[in-house]
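Let me begin by presenting the structure, written as structure tokens, before commenting on it.
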Amino acid sequence: VLQDMIVPTTYWHNPLNRTAYINGNTYLADINNDKYINQTYIQNLQSLEKFVMVKYENDTVVIPKESSWFGFYKEGQSIEVESLYESDLYIS
């Protein structure tokens, strides 16, 4: 599996095929609680006193660059981006 050999591939989130992303991703789907809800991840994040997220306006490596702030493409397409505050993760 390519994700076992090349670290950046563990960060691939396929916006056009959520099922393939969840079933095939070895890291990102897990740490984002997309596979199942891991209460330890939630508690660890909530226990932080400070949390810094950095987004570079001209970033060409992180796509979409809004994912640096937990944003991502709206479901089923790869053009329009929603912020964390618009996402189901934030709303629920």
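The values are calculated or read from the model by the stated rules, or taken from the named source; none is laboratory data. Every value quoted in this text rests on a predicted model; they were computed, and no experiment measured them. Please note: Cβ atoms are built from the backbone with ideal geometry, for glycine as well, and neighbour counts cover all protein chains shown. Heads up: the accessible areas ignore ligands, DNA and RNA and are worked out on the full protein's heavy atoms, side chains in. Shrake-Rupley method; radii C 1.70, N 1.55, O 1.52, S 1.80 Å.
Data table
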{"quantity": "Candidates Asn14, Asn25 - the one that is in contact with a His (Cβ under 9 Å, 6 or more places away or on another chain) and of a type outside the set (Ser, Thr, Tyr)", "calculated": "Asn25"}
{"quantity": "Failed condition for Tyr21, given (1) aromatic (Phe, Trp, Tyr); (2) open to solvent by 70 Å² or more (accessible area, probe 1.4 Å); (3) part of a helix (DSSP H, G or I)", "calculated": "(2)"}
{"quantity": "Residues of the stretch 81-92 that turn out to be open to solvent by 100 Å² or more (accessible area, probe 1.4 Å) and in a loop (DSSP other than H, G, I, E, B), as a count", "calculated": "1"}
{"quantity": "Selection count, the stretch 1-23, where residues are touching a residue at least 12 places away in the same chain (Cβ under 8 Å) and not hydrophobic (A, V, I, L, M, F, W, C)", "calculated": "8"}
{"quantity": "Residue within the stretch 44-52 that is among the hydroxyl-bearing types (Ser, Thr, Tyr) and modelled with pLDDT under 90 present", "calculated": "no"}
{"quantity": "Test: residue in the stretch 67-80 that is closer than 19 Å to Val7 by Cβ and within 11 Å of the chain's Cα centre (by Cα)", "calculated": "yes"}
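One line per residue, one yes/no per condition, for (1) out of contact with any His (no Cβ under 7 Å at 6 or more places or on another chain); (2) exposed (fewer than 11 other Cβ atoms within 10 Å of the Cβ); (3) assigned to a helix (DSSP H, G or I):
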| residue | (1), (2), (3) |
| --- | --- |
| Gln43 | yes, yes, yes |
| Glu49 | yes, yes, no |
| Val52 | yes, yes, no |
| Tyr56 | yes, yes, no |
| Val62 | yes, no, no |
| Ser67 | yes, no, yes |
| Gln77 | yes, yes, no |
